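Remarks on the structure that follows.
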Amino acid sequence: MKLSHVKLDTTLNFDESNRILSWIIQDPQTYYAFIQELLKQIQGETGQFVLSNNDKNIKIDADVQPVVGPFDFSLNSKKITAMISKNLLKLAVNGEYSERFKKLSETFKSYLDEVILDSDLPVEIDELREENVFKVASIKSKESTSFYENLINYISLILNLARPKLLILIDITRYIGKEQMNNFLNFLMYEDVNVLFIDLLTHDGSCSYTKTYFLDLDNCEFEYTSCTFNREELFT
């Protein structure tokens with residue numbers, strides 16, 4: 001799979017040996033412009049990023065999931081709870097669960113009919129459906145006080161519920177300790193998903209532990225197998 005942009009000469013190539021890549025940008029304004037454009041494309045707007053596989057374009061708005069910074073994701077956001085409810089509903093309308101729901105709905109409807117009768121109000125209850133139950137149910141994901149644990153759980157939910165072809169982690173690595181990074185990369189490799197880290201280069205910024213594509217202040221493009229380049233030289 002490949003991610004390219006008309007303003008870049010370099011194409012970010014994901015393959016079996018490099019399914020986790022990093023893209024580090026030195027200029028803050030350039031970083032902001034690329035991130036803004038990419039996020040707009042993920043939301044369905046037009047842009048100049050192109051995601052492809054075997055020369056066939058992949059819909060960025062359908063097959064890419066972003067995680068932006070440490071404060072822009074929530075385990076109990078409307079997006080996540082909606083996907084969880086949709087996933088659970090698929091299970092509920094089939095097989096044994098469907099039969100059990102019919103029995104439960106008859107009992108619950110009988111209960112509501114009695115309440116209505118006692119109220120003397122001119123109302124009635126429509127047929128109860130599985131989707132109605134999941135709309136009113138208070139379904140919550142377990143949250144931790146640890147950013148790292150919440151990040152792992154959030155990504156697990158996204159990968160299982162949305163099944164994206166590409167997961168983009170923007171401004172995330174600086175919030176993960178060095179001792180956690182190896183575990184984090186192992187987790188991502190185990191999940192068998194294409195991952196792109198995007199970070200702004202700073203003196204003490206995030207250091208990539210993966211194959212890295214680098215864009216400097218002069219828009220020169222470099223490629224490194226790992227974070228072995230001299231970072232201090234980049235600021236001189």
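The values are calculated or read from the model by the stated rules, or taken from the named source; none is laboratory data. Quantities reported herein were computed from a predicted structural model and do not represent experimental measurements. So basically every Cβ, Gly included, is an ideal-geometry build from the backbone, and we count neighbours across all protein chains shown. Side chains are part of the model used for accessible areas, which takes the heavy atoms of the whole protein and leaves out ligands, DNA and RNA. Shrake-Rupley method; radii C 1.70, N 1.55, O 1.52, S 1.80 Å.
Beta-bridge orientation, the chain: approximately 40 percent antiparallel, per DSSP, counting only bridges with both partners inside.
Based solely on its DSSP helices, what 222 nm [θ] is calculated for the chain when runs of n ≥ 4 H residues each add -39,500 (n - 2.57) and the sum is averaged over all residues, nearest 500 deg cm²/dmol? The helix-only estimate for the chain comes to -13000 deg cm²/dmol at 222 nm.
Sorting the segments 137-145, 114-122 by their residues' average number of neighbouring beta-carbon atoms within 10 angstrom, most packed first, yields 137-145, 114-122.
Against the chain, whose longest principal axis is taken from its Cα atoms, helix 147-161 shows a tilt of about 70°. Rounded, prolate or oblate, given the Cα gyration tensor of the stretch 111-215, with a/c below 1.5 counting as rounded? Since a/c reaches 1.5 and a/b is larger than b/c, the shape of the stretch 111-215 is classed as prolate. Each of the peptides 76-87, 44-55 was scored by the mean count of other Cβ atoms within 10 Å over its residues; in descending order, highest first, they stand as 76-87, 44-55.
Our Cα-only numbers for the chain put the radius of gyration and Dmax at 23.4, 82 Å. If you add up the charges near ILE152, with Lys and Arg at +1 and Asp and Glu at -1, over every other residue whose beta carbon is less than 14 angstrom from its beta carbon, what do you get? Spelling it out: positives minus negatives among the neighbours equals -2.
Share of carbon and sulfur in the accessible area of the stretch 16-166 stands at 51%, probe radius 1.4 Å. Rolling a 1.4 Å probe across the protein heavy atoms gives the chain an accessible surface of 62 Å² per residue.
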